[in-house]
Structures are given as C-alpha cells and as structure tokens.
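Notes follow the structure.
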Amino acid sequence: MNNKRINVTSPSLADYNEYIDEIKDLWDSKWLTNNGIKHQKLEKEISDFLKVDNSVLFNNGHLALETAIQSFGLTGEVITTPFTFVSTTNAIVRSGLKPVFCDINKKDYTIDVNLIESLITEKTSAIIPVHVYGNICDVQKIEELAAKYNLKVIYDSAHAFGVEINGRGISCFGDVSMFSFHSTKVFNTIEGGALAFNNSGLYEQFNSFKNFGICKDGSVKSIGTNGKMNEFQAAMGLCNLKRVANDIEKRRVLVNQYKDNLSSIGGITFVSEQEGVKHNYSYMPIVFEDSNKSRDKIANILEDNNIFARKYFYPLINNMECYTNFKDVDLPVATYIADRVLTLPLYSDLEIDDVNRICDIILSK
Ligand SMILES: *Cc1c(COP(=O)(O)O)cnc(C)c1O
C-alpha cells in the first residue's frame, strides 16, 4: 500500500544550484539587506508580474498589512470578514482598531457586499476584505461603497498572487493590496510579502514605514516598524518568480483532476468559477453540504492514510480564544462554511496519482 505522507501544501523550491548561484555575489558585495540590488530587482519584477504600478516588499505579509493600516492612520472601526487567516484580524486589532465582522457570501466565500452598508457607522474608517482562496471579492461594489462613505480599502490578497480580472491585475483595485510570500503560498520568498498599488504617492510612505519611519532625507515622520525584506529572501524570490507561471499551470491541472474525480458524488460543493477571472488555483477547498460530521470523518480517514487535509478556515476568527468578545456576532454563512469546509492537498509538485489516490479514499467512504 502506498502510504507516502502528503501534506496540505509543500513549498515550491527553486533549484538548489540556481539559488546558490543567485546568492554568491552577496559574499562580495556584503549588501545583505536595506533595499539591496536583489530587492530592487525583485520589486520591479513583482510589479510587472502583478500588472500594477508599484510594489513595496516586506519580510512577511502580516507586517505589510499592519503597515498599510497604520500608515493610513485609520481610526475606530474596520469592516472585515471572520472567514480568513487570523493575521487579517490581528493586524486590525494590533493597530488599535475594532474589527466589525461582516458575513461572507455562499458563492465564493468572500465578503457579502450586500451586508457591508448596514455595518457602516460614523466610526468606520476602512474595509479590509479578503480574496479567499484566490477568489476575488466584488471589487466594483466595494469601490462604490468606499467612494460613497469615504473609506479606505485594503485588500488581503495573500491568496491571490497572479490573479487577474478582465486582464487587469487584482491589486489595481482598492487603495492597496497585501500579498504574502510565505512558503505555503503560490509564490514564496521563504517568508515575505508586499504591498501593491497604483497610487505612486504611497510609495515613499510605505517604504519609510517599513524602515522604522525613516524617510529618504533621514527625518523620521512616522512611528514605523521593521518590515524589510533581506537579500536572501529576495534571491529566493527572483528564482521562484521564474517558476510561478508554470506552477500555476500545474495547479490548474491538479484542480481539474480533483473536480473530475469528485464530481460524481453528491453533497460536495466546489468553489464556482468566476467570470473573467484568471485564477491562481491556490487552494482546493471542498464543502460537505450534508453535515460537519462527513467533513470530520473524511479528514480523519485521510489522516489514517497519511494524508493531511486541513480545515481551513476553521474555527472562525470570532470563535478563537483571543476573540471571545466577538463570539456572539451572527455570521450564519461563515459559520456554515467553516463547519463544513476541507482544504485538500494542493501544490505544484503534487502528482496526478496522488490526487487520484486521495479521491479514491474520499469516494470509497
Ligand atoms: C498567509 C496569510 C497572511 C499572512 O501572511 P504572512 O506572510 O504569513 O505574514 C495573511 N492573510 C491571509 C489570508 C493569509 O493566508
């Protein structure tokens, strides 16, 4: 019996010799961080890849998000969703703001734009929606609401690297988008992240904020943080960026295989395709419509076979121990999905045979 361990994800890792070649000159230059040569090169290549005017690199996505929130000087309340990775909410709360949880829609699990308006108060300063699993939010509707109520929009695009709508990069929407380059993401720099945006006026603001608030002229105008990406991360990014288009294509084939294999069983929902969207196939979530018992049962059976799917995102943020003061917020759709979703293994080096084996186990139960 084939019992090889399969995790929910596995990093796409550049060829060893290619990476060693890329970092060799760092021993000569000794320029290891603070906007080094590789950092400058990667920043430009990321902007090109994302089809956006500007990007600012960070040592991780979370600090990129905190930088956007804090350097905008947001106050009061921020509307966001509970169906995300805890980083999104932590960034809001660690910035001294109150998260106001909006439910998600049942089609793509992003923020339910029809509910946002009812949550806006005079304290609201921003909306922080999440492009969950790389599914894009209703960016048009969010733009309209932001304009009407004069709100900032910061997208958590950690899942949406390379996603486009009608040929436009996803980070062309909102004031700014945060990407994560963590090892588990579609594109990685080991740890890393970026803010991407079209308004060039924000470039210096974000750039100085990630360097303790130190501006080009040496003055310190904001209470910044240390969010700088180092040259070893940037070197990994330069190598991995060459692979990412091919990785996404491999992911697409695997996702379609999963869907073909599993479509015959009733009661399982896949995320619907979005019109005009070039997807990045970052995750393979399935939702067991009948009950959370089937979800938990399948997760356990897979585990018995050394296959580690993940209940992602479960629990909802407002059910976590550190957020118990939000546990009574009524979020029926998010609760329903969190209780039933299982994210199956998906990464570019996963083999078709592995997908078939995983599906056979699910189908036989
Ligand atoms: C990964 C992730 C983050 C955090 O990014 P890091 O680079 O790990 O700091 C934030 N939000 C979401 C939705 C994520 O998946």
ask   = So Gly61 fits all but one of (1) more than 16 Å from the ligand (Cβ to nearest atom); (2) surrounded by 21 or more Cβ atoms within 10 Å (Cβ to Cβ); what number is the exception?
value = (1)
request  = Would you mention how many residues in the range 1-33 are of a type in the set (S, T, N, Q) and touching a Leu at 6+ places or on another chain (Cβ under 9 Å)?
outcome  = 2
request  = Mind listing whichever residues of the range 161-180 are small (Gly, Ala, Ser) and over 16 Å from Ile127 (Cβ atoms)?
outcome  = Gly162, Gly167, Gly169, Ser180
key: Pair list, Cβ < 7 Å and 6+ apart or interchain, from the range 188-200 residues that are part of a loop (DSSP other than H, G, I, E, B) to residues that are within 14 Å of the ligand (Cβ to nearest atom) and among the aromatic types (Phe, Trp, Tyr)   = Asn188/Phe181; Thr189/Phe181; Gly192/Phe58; Gly192/Phe181
query = Only one of Tyr203, Tyr133 is more than 14 Å from the ligand (Cβ to nearest atom), among the aromatic types (Phe, Trp, Tyr), in contact (Cβ under 8 Å) with a residue 12 or more places away in the chain and part of a helix (DSSP H, G or I); which?
reply = Tyr203
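Within the range 226-270, count every residue that is hydroxyl-bearing (Ser, Thr, Tyr) and touching a residue at least 24 places away in the same chain (Cβ under 8 Å). If you could, list the steps in order and put the result at the bottom.
Going residue by residue through the range 226-270, those that are hydroxyl-bearing (Ser, Thr, Tyr) are 258, 263-264, 269.
The next check asks that each one be touching a residue at least 24 places away in the same chain (Cβ under 8 Å); those that pass are 258, 264.
Number satisfying all stated conditions: 2.
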Glu249 being within 16 Å of Ile46 (Cα to Cα) and either aromatic (Phe, Trp, Tyr) or out of contact with any strand residue (DSSP E or B) (no Cβ under 7 Å at 6 or more places or on another chain) (or both) = no
ask   = Does the range 160-193 hold any residues that are within 14 Å of the ligand (Cβ to nearest atom), more than 11 Å from the chain's Cα centre (by Cα) and not β-branched (Val, Ile, Thr), and which are they?
value = Ser183, Asn188, Glu191, Gly192
request  = Could you grab me the full set of residues in the range 264-304 that are of a type in the set (S, T, N, Q) and modelled with pLDDT of 95 or more?
outcome  = Asn280, Ser282, Asn300
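Take the range 71-89 and flag every residue that is more than 9 Å from the ligand (Cβ to nearest atom), touching a residue at least 12 places away in the same chain (Cβ under 8 Å) and surrounded by fewer than 21 Cβ atoms within 10 Å (Cβ to Cβ).
Answer for the range 71-89, where residues must be more than 9 Å from the ligand (Cβ to nearest atom), touching a residue at least 12 places away in the same chain (Cβ under 8 Å) and surrounded by fewer than 21 Cβ atoms within 10 Å (Cβ to Cβ): Phe72, Thr75, Gly76, Glu77.
Considering only the range 262-296, state which residues are exposed (fewer than 14 other Cβ atoms within 10 Å of the Cβ) and polar (S, T, N, Q).
So the first thing to find is which residues in the range 262-296 are exposed (fewer than 14 other Cβ atoms within 10 Å of the Cβ), and the list is 263-267, 272-273, 275-276, 289-291, 293.
The answer is Ser263, Ser264, Ser272, Ser291.
Within the range 138-157, identify whether any single residue is closer than 26 Å to Thr33 by Cα and near the ligand (Cβ under 10 Å from one of its atoms), and answer yes or no. Before you say what the answer is, go through the steps one by one.
Taking the range 138-157 as the starting set, the residues that turn out to be closer than 26 Å to Thr33 by Cα are 156-157.
Those left that are additionally near the ligand (Cβ under 10 Å from one of its atoms): 156-157.
Within the range 138-157, one or more residues are closer than 26 Å to Thr33 by Cα and near the ligand (Cβ under 10 Å from one of its atoms).
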query = Of the conditions (1) farther than 27 Å from Glu321 by Cβ; (2) within 14 Å of the ligand (Cβ to nearest atom); (3) of a type outside the set (A, V, I, L, M, F, W, C), Glu122 fails just one. Which one is it?
reply = (2)
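Okay, residues lined up against (1) modelled with pLDDT of 95 or more; (2) surrounded by fewer than 23 Cβ atoms within 10 Å (Cβ to Cβ); (3) β-branched (Val, Ile, Thr):
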| site | (1), (2), (3) |
| --- | --- |
| Ala194 | yes, no, no |
| Asn198 | yes, yes, no |
| Tyr203 | yes, yes, no |
| Lys216 | no, yes, no |
| Lys228 | yes, yes, no |
| Leu238 | yes, yes, no |
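With Ile116, Ile154, Ile136 as the choices, which residue is within 21 Å of Asp328 (Cα to Cα) and surrounded by 22 or more Cβ atoms within 10 Å (Cβ to Cβ)? Before you say what the answer is, go through the steps one by one.
Working: Ile154 fails: within 21 Å of Asp328 (Cα to Cα); Ile136 fails: within 21 Å of Asp328 (Cα to Cα).
Only one candidate passes the filter, namely Ile116.
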note = Going through the range 26-64 in order, the residues found to be among the hydrophobic types (A, V, I, L, M, F, W, C) and assigned to a loop (DSSP other than H, G, I, E, B) are Trp31, Leu32, Val52
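In the range 265-365, which helices (runs of 4 or more DSSP H) lie fully inside it and hold 2 or more residues that are over 23 Å from the mean Cα position of the chain (by Cα)?
Values: elements: 292-304, 332-340, 352-363.
The qualifying helices (runs of 4 or more DSSP H) are 292-304, 352-363.
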note = Scanning the range 206-249 residue by residue, those farther than 25 Å from His159 by Cβ and within 16 Å of the ligand (Cβ to nearest atom) turn out to be Asn226
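Just for the range 100-113: of the residues that are within 16 Å of the ligand (Cβ to nearest atom), in contact (Cβ under 8 Å) with a residue 60 or more places away in the chain and in a loop (DSSP other than H, G, I, E, B), which one is surrounded by the most Cβ atoms within 10 Å (Cβ to Cβ)?
This residue is Tyr109.
The values are calculated or read from the model by the stated rules, or taken from the named source; none is laboratory data. Everything quoted here is computed from the prediction, not taken from an experiment. Backbone-built Cβ (ideal geometry, glycine too); neighbour counts: all protein chains shown.
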